Amino acid sequence: MPGNGLLETSPNYVINKAVAARFQQLPQPKDKVQVMYVWIDGTGQNLRAKSRTLDFVPTKPEELPIWNYDGSSTYQSQGSNSDTFLYPVAIFNDPFRLAPNKLVMCETYKHDHTPTETNHRKAALEVMTKAADQKPWFGIEQEYSLLDTDGKPFGWPKTGFPGPQGPYYCGVGADKVYGRDIVEAHYRACLYAGINISGENAEVMPAQWEFQVGPCEGISIGDHLWMARFILHRVAEEFGIVVTLDPKPVPGDWNGAGAHCNFSTQTMRENNGIIEIEKAIDKLSKQHVRHIKAYDPNQGKDNERRLTGKHETSSIHDFSAGVANRGASIRIPRGCAEEKKGYLEDRRPSSNCDPYSVSEVIVRTVCLNE
């Protein structure tokens, strides 16, 4: 990892990992399984987690007990009535504790068992169930940036800036990419977990990266992307590096970060599906404001800093579409236009979007005509 004098200030970096590894090598009792429950807190962006011991290996969410936590410490309840409930919804292998241990994605519910304000999965699942016969597929390109503990991009000079954008995208070399160890560790950890991660690459701004999740059908896109985010934060924690999903982490002439959403239905993927793709784009054009509000946790305010019409983005105020146009709201990939079938890419979602909300509003607009 490139040294810059700040890593040593991270408490996680200075811990002796070899000592920790000794204890991880202790034999695990055959009748004990560690299960880490993961959930979205009241910010709608940050993840929380805690663990419990079970005496069986869970294979499906319904086998896991409903649990609770202190919602007053996660911006989700008052201290006088703080119990908030965790409903397990998706199980993954644990790449940190290894088999047979598990990571579990959970929905959050208030004391009266109604969804918390940031539980967007329940509504999304209802929509996906209605549209299940259309077989909606999603792929999300998650961009993110690596920061030092002082909040500055990892590997950047502490005074001034690196050279202008150009050599960093998909770059190779110590003077072009920063933090590849984190990226590679995350990639392998996601594969081990069972997340449908389909690739990764260095992005346009130095210290900015992207990984892709999908194709996933229906609600699973949110389950897989949220857990991939959790694993990314957890891996970076080991290196003493901070991951940010801020859609514009560095002001000025630097690319922002998005979560481009690739979407298709079964008819779009079939011969002459381009007709259905064009119909979908027409529907999306009429719901631009609704989608912008759903595409970042702050109802478009975060995306305002990113969707300027510059740096490979469209303007937040206007809807546009085009073939192979990275400055459009909706891009039809060149290959799909030539084959006359495939998918569309919605380039508007911000990097800190909730994939449950993004997938829900796309299906409402395109599949359910709502």
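The values are calculated or read from the model by the stated rules, or taken from the named source; none is laboratory data. Predicted, not measured: the structure shown is a model, and the values here were computed from it. With ideal geometry, Cβ positions are generated from the backbone for all residues, glycine too; neighbour counts draw on all protein chains shown. With ligands, DNA and RNA removed, areas are computed over all heavy atoms of the protein, side chains included. Shrake-Rupley method; radii C 1.70, N 1.55, O 1.52, S 1.80 Å.
Per residue, the chain exposes 45 Å² of accessible surface when a 1.4 Å probe is rolled over the protein heavy atoms with every protein chain present. For Ser198, the residues whose amide H sits under 5 Å from its own are Gln212, Val213, Gly214, ignoring neighbours fewer than 5 places away on the same chain, with H placed 1.01 Å from N. For the stretch 257-370, evaluate the Debye formula with one uniform point scatterer on each Cα (no solvent term) and list log10 I(q)/I(0) at q = 0.15 Å⁻¹, rounded to two decimals. Debye curve over Cα of the stretch 257-370, log10 I(q)/I(0) at q = 0.15 Å⁻¹: -0.58. Ranking Val366, Thr149, Gln208 by how far each Cα lies toward the positive end of the dipole of the chain (charges on Cβ) leaves Gln208 at the top. Expressed as a whole percent, the accessible surface of the chain that belongs to carbon and sulfur atoms is 51, based on a 1.4 Å probe. Filter the DSSP H helices in the chain by two things, a Kyte-Doolittle mean of at least -0.5 and an axial alpha-carbon span of 24 angstrom or more, and list the hits by number. Once both thresholds are applied, what remains is 220-239. Per the Kirkwood formula on distinct C-alpha pairs, the Rh of the stretch 325-370 is how many angstrom? Answer for the stretch 325-370: a Kirkwood hydrodynamic radius of 12.0 Å. Taking Cα centre as origin and charging only the Cβ of basic (Lys, Arg, +1) and acidic (Asp, Glu, -1) residues, the dipole magnitude of the stretch 237-322 rounds to 380 debye.
Approximating the spin labels as points 7 Å out from Cα along Cα→Cβ, the Asn201-to-Gln25 distance works out to 4.0 nm. Only Lys, Arg, Asp and Glu carry charge here, each on its Cβ (+1 for the first two, -1 for the last two); on that basis the chain has a dipole of about 120 debye about its Cα centre. Is the shape of the stretch 49-147 best called rounded, prolate or oblate, per the rule: a/c under 1.5 gives rounded, else a/b larger than b/c gives prolate, else oblate, with a ≥ b ≥ c the square roots of the Cα gyration tensor eigenvalues? Note, shape of the stretch 49-147 comes out rounded. Placing R0 at 45 angstrom, the Cβ-Cβ distance between Asn68 and Ile275 gives a FRET efficiency of 0.35 after rounding to 0.05.
3J(HN,Hα) couplings calculated from phi for the stretch 320-332 with the Karplus curve 6.51 cos²θ - 1.76 cosθ + 1.60 (θ = phi - 60°) are, in sequence order, 8, 8, x, 7, 6, 9, 7, x, 9, 4, 10, 10, 9 Hz; Gly and Pro show x. Helical runs assigned H by DSSP (4 residues or longer) give the chain a calculated mean residue ellipticity at 222 nm of -8000 deg cm²/dmol, each run adding -39500 (n - 2.57) before division by the residue total.
If I model a spin label as a point 7 Å beyond the Cα along the Cα-Cβ vector, how far apart are those points for Glu237 and Lys60 in nm? My value for the distance between the label points is 3.1 nm. In terms of packing, defined here as the mean over residues of other Cβ atoms within 10 angstrom, the peptides 313-323, 84-94 line up highest first as 84-94, 313-323. Between Met128, Ala99, Tyr109, the Cα set farthest toward the positive side of the dipole of the stretch 38-134 (charges on each charged residue's Cβ, about the Cα centre) is that of Ala99. Compute the Cα gyration tensor for the chain, then decide on rounded, prolate or oblate, letting a ≥ b ≥ c be the square roots of its eigenvalues: rounded whenever a/c is under 1.5, prolate when a/b is larger than b/c in the other cases, and oblate in all that remain. It is oblate, given that a/c is not under 1.5 and a/b is not larger than b/c. Kindly state, to the nearest 0.05, the FRET efficiency for Thr308 paired with Glu217, given R0 = 35 Å and r defined as their beta-carbon distance. The value I calculate is 0.55. For the stretch 24-94, the list of trypsin sites (Lys or Arg not before Pro) that fall in a loop by DSSP and count at most 16 other C-beta atoms within 10 angstrom reads Lys30, Lys32.
The value given for the stretch 145-197 is a Kirkwood hydrodynamic radius of 12.9 Å, derived from the mean inverse Cα-Cα separation. Basic side chains Lys and Arg get +1 at the Cβ, acidic Asp and Glu get -1 at the Cβ, and with that the dipole of the stretch 65-119 about its Cα centre reaches some 220 debye. Name the residue from Gln299, Ala228, Val89 whose Cα lies farthest towards the positive end of the charge dipole of the chain, charges +1 on Cβ of Lys and Arg and -1 on Cβ of Asp and Glu. Among Gln299, Ala228, Val89, the one farthest towards the positive end of the dipole of the chain is Ala228. Say we join alpha carbon atoms closer than 10 Å with springs in a Gaussian network model of the chain; which of Thr43, Thr267, Thr159 then has the biggest fluctuation? Top of the fluctuation ranking is Thr159. If R0 is 56 Å, the Cβ-Cβ spacing of Asn16 and Lys135 corresponds to a FRET efficiency of close to 0.65.
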